[in-house]
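Structure first, commentary second.
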Amino acid sequence: MTAGHDEVRERLGAFVLGQLAPDQADTVREHLVRCADCAAEAASLQPLAGPLGWVDADDPVPAEPTRLRTRVEQTLAEATRAAREADGRTRPVARPWLRSRTGGLVAAAVAGAVLAGGVATAVSLGGGASDPATPAVEVEQVPVVAVAPDLDVRAGLVDHTWGMEIELVGTGFVRGVAYDVVVTDERGRRHDSGAFVGVGSTEMTCALSAAVLREDAVRFAVRDDGGAVVARADLRA
Amino acid sequence: MALRAYREHGAELYRFARRWTGDRGAAEDLVQDVALRAWSAAGGFDPTRASLRTWLFAIARNVAIDHGRRKAVRPTTVTDPRQVDPGPVSDHVDDVLRADAVARALQTLSHDHRVAIVETYLRDRPYDEVAAELGVPASTVRSRVFHGLRAMRGTMQGADRREEVDR
């Protein structure tokens with residue numbers, strides 16, 4: 001049987017979806033042999049059929065549950081921690097200021113350095129400052145190169161799902177001078193990660209937050225108010 | 001790296017997993033396995049060779065094959081289900097990987113075109129029944145399916161071109 005062009009063309013959608021009865025499908029196939037236009041049309045629609053068969057009619061674009069996101073992020077964080085422990089690059093410690101200072105981080109910071117810009121983190125510290133049950137956090141010690149004279153500084157990193165904390169402990173930051181900390185990620189982007197004021201020869205302890213994932217961080221630099229780097233650390237594993 | 005890939009593409013990964021497994025719980029397990037596999041393979045990611053998304057979904061493809069195929073695979077392009085050759089599992093994974101773009105293109109259709117495709121194909125209902133329900137001839141439903149598919153193809157080609165430009 002010979003079917004008209006328009007009649008067949010209207011059936012091309014049903015044809016590529018495999019919805020035609022066998023005799024109707026044969027009629028379309030016969031037409032496609034003779035009609036390059038319809039053959040091209042059918043060929044361009046055919047790739048939709050397979051993927052479309054996997055779309056749920058009742059829930060075509062299902063939403064990811066929030067609990068799944070939390071679960072996966074926790075799993076990845078645990079995997080990272082376990083790997084670092086296995087590497088021996090970290091040691092689990094409790095932050096001394098959590099146990100010894102009733103004021104927690106703020107007291108420690110005031111004793112050492114004045115935190116500026118509201119960037120110092122207190123949100124990650126969890127339980128009460130004097131709570132003996134406060135869980136230890138794992139701090140990854142990283143080697144810091146002091147560029148400025150008389151500067152003695154150590155740094156530790158704490159990995160978080162939202163980024164990381166940099167804990168600076170040191171002496172020799174010039175009293176009254178404002179310093180800032182910049183983290184560079186693997187794409188070369190710089191992230192302002194907090195600031196503090198130097199207190200001279202008194203040892204300061206300062207916790208800063210960086211909106212960069214630990215695994216993406218390449219280095220950090222401490223700069224003085226003139227922009228000169230006074231200390232830096234390579235953060236690549 | 002794995003965390004960033006998951007944060008940027010986790011929602012799409014979940015949709016892939018839902019379609020592949022057909023089950024919420026199994027989909028969540030699949031997503032978690034993909035994320036962990038990506039975490040352990042992060043050293044192999046080379047941004048000069050593939051985008052983060054391409055890399056993540058290449059991993060997803062392998063994990064999905066490991067998880068095994070969804071039990072009920074519907075026939076798609078043949079007229080007689082008895083002739084269905086299930087084909088290699090990898091073919092089905094590729095279809096499911098493309099299903100997200102197709103699903104989003106389906107969402108952009110006019111109501112008439114979308115209903116015609118959803119009812120006759122996704123719900124596998126006879127044309128005559130759908131036509132009667134809509135109060136139109138069956139030929140009109142066939143025509144809507146055809147024009148709906150053409151519109152979806154156009155939407156997807158436009159999205160492909162935009163993706164090219166973004167790269």
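The values are calculated or read from the model by the stated rules, or taken from the named source; none is laboratory data. Quick caveat, the model's predicted, so the values are computed rather than measured. In this analysis, Cβ positions are derived from the backbone assuming ideal geometry, glycine residues included, and neighbour counts consider all displayed protein chains. Side chains are part of the model used for accessible areas, which takes the heavy atoms of the whole protein and leaves out ligands, DNA and RNA. Shrake-Rupley method; radii C 1.70, N 1.55, O 1.52, S 1.80 Å.
Quick look at the numbers
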read-out: Residues in region B:109-148 that a label on A:V61 would reach, taking backbone N under 13 Å of a point 7 Å out along Cα→Cβ; value: B:109
read-out: Interface A:B - total buried accessible surface [probe 1.4 Å, Å², rounded to 100]; value: 5100
read-out: Chain B - accessible surface per residue (Å², probe 1.4 Å); value: 51
read-out: Sites B:A159 and A:R175 - FRET efficiency at Förster radius 60 Å, r taken between beta-carbons, to 0.05; value: 0.55
read-out: Whole-percent carbon and sulfur share, accessible surface of region A:140-234, 1.4 Å; value: 48
read-out: Inter-chain Cβ neighbour average for residues B:115-121, partner chain, 10 Å; value: 4
read-out: Neighbouring partner chain Cβ atoms per residue of A:65-75, average, 10 Å criterion; value: 5
read-out: Three-way shape call for chain B based on the alpha-carbon gyration tensor, with the a/c threshold at 1.5; value: prolate
read-out: Average beta-carbon neighbours from other chains, 10 Å sphere, peptide B:26-36; value: 3
read-out: Relative contact order (%) - criterion: Cα under 8 Å, at least six apart; region: region A:140-234; value: 32
read-out: Order by protection proxy (mean Cβ within 10 Å, highest first), peptides B:114-120, B:152-158; value: B:114-120, B:152-158
read-out: Heavy-atom accessible area per residue - region A:140-234, 1.4 Å, Å²; value: 42
read-out: Label-to-label distance, nm, for residues given as B:T140 and B:A42 (7 Å Cα→Cβ offset); value: 5.7
read-out: Label-point gap, in nm, between A:R190 and B:D112 - each point 7 angstrom along Cα→Cβ; value: 6.0
read-out: Over chain B: helical MRE at 222 nm, DSSP H runs n ≥ 4 each giving -39500 (n - 2.57), nearest 500; value: -23000 deg cm²/dmol
read-out: Length-normalised contact order for chain B - Cα pairs under 8 Å, 6+ apart - percent; value: 18
